[in-house]
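To keep things clear, I will list the structure first and then write my remarks on it.
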Amino acid sequence: AQSVTQLGSHVSVSEGALVLLRCNYSSSVPPYLFWYVQYPNQGLQLLLKYTTGATLVKGINGFEAEFKKSETSFHLTKPSAHMSDAAEYFCAVNQAGTALIFGKGTTLSVSS
Amino acid sequence: ETGVTQSPTHLIKTRGQQVTLRCSSQSGHNTVSWYQQALGQGPQFIFQYYREEENGRGNFPPRFSGLQFPNYSSELNVNALELDDSALYLCASSPGQAINYGYTFGSGTRLTVV
């Protein structure tokens, strides 16, 4: 069965610092991988996705993620954090073609 | 283009009651999924509808049921509410049932069961 582990329930960075949110997955089939962001009292917004092809995926708001099959990882990065990046981030993997399996989420705090 | 809209945004129900949550898909999307997000957790898949047929279901009991209408809008019904059903319920739509399309999520309905 597919599963997702997000390392670190809370990550704190300073404005302008590198953002690194970790995600490891398990999947018995080639995975499709996603990162979503959730702002307070809102739904989920797709940041980026990996389906096939290039393993470095660029998303919205300056985020990118790299699919590393050998490490079963799909870590999310952003070179320079902005105050507006403070939110909850979820990594997800597909299951059986119809459902997304989400990790428990990582709260990103950005301080000035 | 309009996104996914859900109603109501908040509601409070008593244990044992029944509730119906509604979702309007994004224009052009024929697939709808529902997720339950408990406080402090990631969303959990309830079920998916494609062209009015359920084509996937997560580990939820039968008292969670749904419908999809010809205009691709959807309802989630929960019978015999329990305290643990308190959560944010998210609706998501996509232009097809293939997972690689990705989903567009609504802002959710916050259900509190007392």
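The values are calculated or read from the model by the stated rules, or taken from the named source; none is laboratory data. Quick caveat, the model's predicted, so the values are computed rather than measured. Every residue, glycine as well, gets a Cβ built from its backbone with ideal geometry; the counts of neighbours run over all protein chains shown.
A few remarks follow.
- Of residues in segment B:65-111 being over 19 Å from B:Ser24 (Cβ atoms) and within 14 Å of another protein chain (Cβ to nearest Cβ), the one nearest to the chain's Cα centre (by Cα): B:Ala87
- Residue tally, condition out of contact with any Leu (no Cβ under 8 Å at 6 or more places or on another chain) and either within 14 Å of another protein chain (Cβ to nearest Cβ) or in contact (Cβ under 8 Å) with a residue 60 or more places away in the chain (or both), over segment A:75-112: 18
- Residues that are touching a helix residue (DSSP H, G or I) at 6+ places or on another chain (Cβ under 9 Å) and part of a loop (DSSP other than H, G, I, E, B), drawn from segment A:77-112: A:Pro79, A:Ser80, A:His82, A:Ala96, A:Gly97, A:Thr98, A:Ser112
- Restricting A:Gly16, A:Gly8, A:Gly59 to those that are in contact (Cβ under 8 Å) with a residue 12 or more places away in the chain and within 13 Å of chain B (Cβ to nearest Cβ) reduces the list to A:Gly59.
- Meets criteria (within 13 Å of chain A (Cβ to nearest Cβ) and without any contact (Cβ under 8 Å) to a residue 12 or more places away in the chain) for B:Gln41: yes
- Summed over segment B:48-86, the residues that are of a type in the set (Asp, Glu), in a loop (DSSP other than H, G, I, E, B) and touching a Phe, Trp or Tyr at 6+ places or on another chain (Cβ under 8 Å) give a count of 1.
- In segment A:19-63, residue modelled with the highest pLDDT [restricted to those that are under 23 Å from B:Ala92 (Cα atoms) and charged (D, E, K, R)]: A:Lys58
- Of the residues making up segment A:22-76, those that are assigned to a strand (DSSP E or B) and touching a Lys or Arg at 6+ places or on another chain (Cβ under 9 Å) number 11.
- Filter result (among the aliphatic types (A, V, I, L, M) and either in contact with a Pro (Cβ under 8 Å, 6 or more places away or on another chain) or modelled with pLDDT under 95 (or both)) within segment B:93-114: B:Ala98, B:Ile99
- For segment B:31-47, the candidate set comprises residues that are assigned to a loop (DSSP other than H, G, I, E, B) and at pLDDT 90 or above; within that set, the residue that is surrounded by the most Cβ atoms within 10 Å (Cβ to Cβ) is B:Pro43.
- Segment A:82-107 - residue that is surrounded by 22 or more Cβ atoms within 10 Å (Cβ to Cβ) and of a type in the set (A, V, I, L, M) and, of those, modelled with the highest pLDDT: A:Ala92
- Unmet requirement for A:Gln38, which otherwise passes all of (1) more than 9 Å from chain B (Cβ to nearest Cβ); (2) among the polar types (S, T, N, Q); (3) under 25 Å from B:Gly40 (Cβ atoms): (1)
- When segment A:68-112 is filtered for residues that are aromatic (Phe, Trp, Tyr) and farther than 20 Å from A:Leu18 by Cα, only A:Phe102 remains.
- Residues within segment A:68-81 that are within 13 Å of the chain's Cα centre (by Cα), surrounded by fewer than 22 Cβ atoms within 10 Å (Cβ to Cβ) and over 15 Å from A:Ser26 (Cα atoms), tallied: 2
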